[in-house]
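The values are calculated or read from the model by the stated rules, or taken from the named source; none is laboratory data. This structure is a prediction, so every number in the text was calculated from the model and none was measured. So basically every Cβ, Gly included, is an ideal-geometry build from the backbone, and we count neighbours across all protein chains shown. We work out accessible area using only protein heavy atoms, side chains counted, and drop any ligands, DNA or RNA first. Shrake-Rupley method; radii C 1.70, N 1.55, O 1.52, S 1.80 Å.
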Amino acid sequence: IESYLSEMSVKHDFLIIDEPDERQAAQKAVKLVKEGQARVLMKGLINSSDFMRAVLASDTGLTAGKRLSHLGAFEVPGQKKIIFFTDGGVNVAPSLLQKKDILIDALCALEKIGILNPKVALLSINEKVSPKIPSAVDAKALADMRRAGVIPTGILEGPIAMDVAVSPEAARHKGIKSNISGDVDLFLVPNADAGNMIGKTLIHYAGAKM
């Protein structure tokens, strides 16, 4: 780290703790955040399970009794703003109530960085609600929760397919009137499989930065 900083002519006065063991490094980093000596915990080249094990430890972790969720931010070439996806890696197959918690967490995170009342796509395979498509049923229920005030903020639409969410032309072609098409801030994916695949596709095919 010091050699990199020297190469970039960066002067620093912060503490560098050398811990070669990955698990110990994760535990020490979590401890620093919990004690207020650090403000942000960042995952580097460490196994995800070791990282999460330290975060979720019942006695020394950072969960504070809340559901933990994943929020990914992507800078996609050609797009006018950063887009966010949740949950792409922590809650594998969330229930409806878990999706509500995940969504509220993401909305709070966006609000803290200045994105107020974001446009949210509740993703599913299409826009029709069918009992055979659980993601569509959940998306409608979440949209209903927003109308009822259970979810406090956001312009939510769902179920909505990815093509309609990202393309006003696709929405027109399908005869769908949308207030968010082509201008989505946050995508709620139906499960971690979908979120993981979308994220890696954006990175490797679209040249996105995560």
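Can you run down the residue pairs with Cβ atoms below 8 Å, 6 or more apart or on separate chains, where the first is in the stretch 168-197 and open to solvent by 60 Å² or more (accessible area, probe 1.4 Å) and the partner is part of a helix (DSSP H, G or I)?
Close Cβ pairs (under 8 Å, with a partner that is part of a helix (DSSP H, G or I)) amount to K174/V164; K177/A171.
Give the residue, chosen from R67, R23, that is assigned to a helix (DSSP H, G or I) and either open to solvent by less than 50 Å² (accessible area, probe 1.4 Å) or touching a residue at least 24 places away in the same chain (Cβ under 8 Å) (or both).
It is R23.
Listed residues P152, P118; which is touching a residue at least 60 places away in the same chain (Cβ under 8 Å), over 15 Å from G195 (Cβ atoms), out of contact with any Lys or Arg (no Cβ under 8 Å at 6 or more places or on another chain) and not polar (S, T, N, Q)?
Of the residues listed, the single one that is touching a residue at least 60 places away in the same chain (Cβ under 8 Å), over 15 Å from G195 (Cβ atoms), out of contact with any Lys or Arg (no Cβ under 8 Å at 6 or more places or on another chain) and not polar (S, T, N, Q) is P118.
Restricting to the stretch 35-51, name every residue that is surrounded by 12 or more Cβ atoms within 10 Å (Cβ to Cβ), closer than 15 Å to I17 by Cβ and either without any contact (Cβ under 8 Å) to a residue 12 or more places away in the chain or basic (K, R) (or both). Spell out the reasoning first.
Of the residues in the stretch 35-51, the ones surrounded by 12 or more Cβ atoms within 10 Å (Cβ to Cβ) are 38, 41, 43, 46-47, 50-51.
Narrowing further to those that are closer than 15 Å to I17 by Cβ: 38, 41, 46.
Matches in the stretch 35-51: A38 only.
Looking at A136, A165, A141, can you tell me which residue is in a helix (DSSP H, G or I), in contact (Cβ under 8 Å) with a residue 24 or more places away in the chain, closer than 16 Å to S95 by Cβ and open to solvent by less than 50 Å² (accessible area, probe 1.4 Å)?
A141
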